[in-house]
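To keep things clear, I will list the structure first and then write my remarks on it.
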Amino acid sequence: GFVQVNTGLGMALYEHVLAEIGKVQGLKIVDAYCGPGILGKAMARMGGAVTGIDIDAPASSAKGGEGSSGFRQVVGRVEDELVKLLPADAVLLNPPRKGLDPSIPAALERDPVKKILYVSCDPATLARDLQRLSGAYGVARVRSFDLFPQTGHIETVVTLTEHADQRP
């Protein structure tokens, strides 16, 4: 399963995501592209009811930190599984470099959540996906992490919030 190789800055990125998600006690959260579930399990330990989705069965069965009774994993494609888990209070998206399948922004627009945290390793696919999400969500905050100094690679965490006029 995938984990950040720059462990020091990788931990800073994880801590930032957990700070951005905020209070999760009692919230239903989806951790899409969760790998071994490091962040999802941390959110479950904070009191959230978290479901992780990953297509990689070995990654999904990896420990990735201490388990939690509030965390469960689903092995499958995010495109297929996310719609089954909505509505939710928050969604963590951490896709591979190719970004999101077009069906994911469409599903999140049909069944909006209050907060999305998008962790991206590719500025081009991030820009494309933010455009696709812009009908229902606005960018609240952006923070980048240079996990690979002196290269063109950068990790970016974007906090998106639902537009106030989207809910009935």
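Within the stretch 87-95, is there a residue that is surrounded by fewer than 19 Cβ atoms within 10 Å (Cβ to Cβ) and under 16 Å from Leu39 (Cβ atoms)?
yes
Would you check if there is a residue in the stretch 5-12 being out of contact with any Leu (no Cβ under 7 Å at 6 or more places or on another chain), part of a helix (DSSP H, G or I) and either at pLDDT 95 or above or β-branched (Val, Ile, Thr) (or both)?
Yes, the stretch 5-12 contains at least one residue that is out of contact with any Leu (no Cβ under 7 Å at 6 or more places or on another chain), part of a helix (DSSP H, G or I) and either at pLDDT 95 or above or β-branched (Val, Ile, Thr) (or both).
Quick one: in the stretch 111-136, of everything that is outside any helix (DSSP H, G or I) and more than 15 Å from the chain's Cα centre (by Cα), which residue is surrounded by the most Cβ atoms within 10 Å (Cβ to Cβ)?
It comes out as Ala136.
Looking only at the stretch 8-40, how many residues end up being open to solvent by 10 Å² or more (accessible area, probe 1.4 Å), of a type in the set (Asp, Glu) and in contact (Cβ under 8 Å) with a residue 60 or more places away in the chain?
Adding up the residues that qualify gives 1.
Let me confirm something: among Leu108, Leu147, Leu160, which residue is in a helix (DSSP H, G or I) and either crowded, with 18+ Cβ neighbours inside 10 Å or touching a residue at least 60 places away in the same chain (Cβ under 8 Å) (or both)?
Leu108
The values are calculated or read from the model by the stated rules, or taken from the named source; none is laboratory data. Owing to the predicted nature of the structure, the values given are computational and were not obtained by experimental measurement. Cβ sites come from the backbone with ideal geometry, for glycine too, and all protein chains shown count toward neighbours. For accessibility, only protein heavy atoms count, side chains too; no ligands or nucleic acids. Shrake-Rupley method; radii C 1.70, N 1.55, O 1.52, S 1.80 Å.
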